[in-house]
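Trainee: Got a structure for you, written out below as structure tokens; questions coming shortly.
The values are calculated or read from the model by the stated rules, or taken from the named source; none is laboratory data. These figures come from a predicted structure and were not determined experimentally. Virtual Cβ from ideal backbone geometry, glycine too; neighbours counted across all protein chains shown.
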Amino acid sequence: MVYDTMVKSGDWCSNSSDIYASLFVKSQLDLLIFSSTVDALLGAANTEAGVTALFEHAASTFSEGALAKAEFGKARKAIWKVDSTKDVNVAGFAKCIAHPTGTSRFCFSLVKNAGHEMPSYQPRAALDLYQRFMAGRSWNSTGDRPEELPKCAQCGGVAPFAGPALPACATAGV
């Protein structure tokens, strides 16, 4: 009953690609969309389909939309590590483009080994993701700023992904 009510209200399971296309292409706002690889609710495949729909809508609605869609299609995913010199684990993948005629950018990121509430599963990667995006830094090694991050283990967060890292993060004051 709750699910049906949310769907009927338009608050749930409604297409929002037009809103995001307008925010990036028309309003030229920076836009970050991310998903987690272990998110059973809104996983990577669903989010990626939404990003594809965003650019399809942009291409059919806005003059710059076709350019944005083409640029996103050509862009390569960056393999992202929080600290490229020390980390063994890949934190995720990111694909970003600049607005065709402006200064804003769009980024789509996948965070590995995180569930629906990604920051609680991968706090170190989450903080790095937000800091890179807000500062306009690259997702490759040139965007690394490990000195700005807590000294937690790479896989810190809640179970089942935390493992032995959880006590280390707790003692680090995170």
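Trainee: Sort through 157, 163 and tell me the only one that's surrounded by fewer than 14 Cβ atoms within 10 Å (Cβ to Cβ), part of a loop (DSSP other than H, G, I, E, B) and at pLDDT below 90.
Mentor: None of the others qualify; the one that does is 163.
Trainee: Something else about it: For segment 45-56, which positions are at pLDDT 95 or above and farther than 16 Å from residue 32 by Cα?
Mentor: 56
Trainee: Which members of segment 28-46 meet the condition of being farther than 20 Å from residue 127 by Cβ and either more than 15 Å from the chain's Cα centre (by Cα) or not aliphatic (A, V, I, L, M) (or both)?
Mentor: In the first step, residues of segment 28-46 are kept if they are farther than 20 Å from residue 127 by Cβ; the result is 28-29, 40-46.
The answer is 28, 29, 40, 41, 43, 46.
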